[in-house]
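Have a look at the structure below before the remarks.
The values are calculated or read from the model by the stated rules, or taken from the named source; none is laboratory data. Being a predicted model, the structure only gives us computed values, none of them experimental. Reconstructed Cβ throughout: ideal geometry from the backbone, glycine too, with neighbour counts over all protein chains shown.
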């Protein structure tokens with residue numbers, strides 16, 4: 001009987017550890033200041049758009065390789081679309 005109680009106690013302790021650990025793990029976010037991306041060629045004439053948001057008011061610049069910098073301003077918690085010239089897609 002003592003062996004069963006010890007097994008049950010160990011099981012409860014393990015279960016509690018797993019539950020508490022699961023609460024402390026947060027989902028990864030995409031916050032940062034330097035991103036690299038590319039647009040592959042598409043059928044037709046697409047509108048290349050990057051959607052930027054922030055939890056604070058901010059501003060920045062999208063700088064296409066070989067293209068003119070594109071400044072943007074983001075109001076906190078609002079999604080801001082930034083249109084990229086179609087010539088920036090990879091052919």
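Quick notes on this structure:
- Residues located in segment 72-91, provided they are surrounded by 14 or more Cβ atoms within 10 Å (Cβ to Cβ) and under 18 Å from the mean Cα position of the chain (by Cα): 74, 80, 82
- Pairs where the first residue, in segment 40-60, is farther than 14 Å from residue 80 by Cα and the second is assigned to a strand (DSSP E or B), C-beta under 7 Å, 6+ apart: 40/90; 41/90; 47/83
- Positions within segment 72-87 being in a strand (DSSP E or B) and either modelled with pLDDT of 90 or more or in contact with a helix residue (DSSP H, G or I) (Cβ under 7 Å, 6 or more places away or on another chain) (or both), in sequence order: 72, 73, 74, 80, 81, 82, 83
- Checking each residue in segment 43-71 for being surrounded by 15 or more Cβ atoms within 10 Å (Cβ to Cβ), assigned to a strand (DSSP E or B) and out of contact with any helix residue (DSSP H, G or I) (no Cβ under 8 Å at 6 or more places or on another chain) picks out 50, 52, 58, 60, 62, 70.
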